[in-house]
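As structure tokens, the structure follows; a few thoughts come after it.
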Amino acid sequence: MSEKIDKIVDDLKTLTLLEASELIGKIEETFGVDASAAAGGTMVMAAGAGAAEEVEEKTEFNVMLDEVPSDKKIAILKIVRSITGLGLKEAKELVESAPKAIQEGIGKDAAEDAKTQIEAVGGKVSLT
């Protein structure tokens, strides 16, 4: 294939399902064709790929405190208290019982922010 076609294919791989649908509509409108008649088997594959994309795009995350090095416990405890709003005793119990979820069902930005803060002081965190 030519470089131009390779570039177009690479660009198509990055489209979301909604963008691909809009592209098909625009091609049909511009060239006066009907893509549904020619793409019977292809549409099934595209739908399967779209379903996989939807799985990857989570909107709620759990922040799991995986590991707390003993020399970093106090710094991590302070971060956990500020993130969760827990009292000293509750936050200490949470940190000492790692691995444990410290936040559940929160947005991606908040989860990544919490992870960044805890990792910055030496803890190990995962998002699930």
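Throughout, read-outs are computed from the coordinates displayed, never taken from laboratory work. Quantities reported herein were computed from a predicted structural model and do not represent experimental measurements. Note that we place each Cβ from the backbone using ideal geometry, even for glycine, and neighbour counts take in every protein chain shown.
Please count how many residues of the stretch 99-114 are within 9 Å of Met64 (Cα to Cα) and small (Gly, Ala, Ser).
So the count comes out to 1.
Select from the stretch 70-107 the residues that are more than 17 Å from Val121 (Cβ to Cβ) and acidic (Asp, Glu) and list them in ascending order.
Those that are more than 17 Å from Val121 (Cβ to Cβ) and acidic (Asp, Glu): Glu90, Glu93, Glu104.
Select from the stretch 95-109 the residues that are surrounded by 13 or more Cβ atoms within 10 Å (Cβ to Cβ) and in contact (Cβ under 8 Å) with a residue 40 or more places away in the chain and write down the one among them that is farthest from Lys78 (Cα to Cα).
Lys108
May I ask you to list the residues in the stretch 96-108 that are within 25 Å of the chain's Cα centre (by Cα) and in a helix (DSSP H, G or I)?
First pass over the stretch 96-108, keeping only residues within 25 Å of the chain's Cα centre (by Cα): 98-108.
Within the stretch 96-108, just Lys108 meets the criteria.
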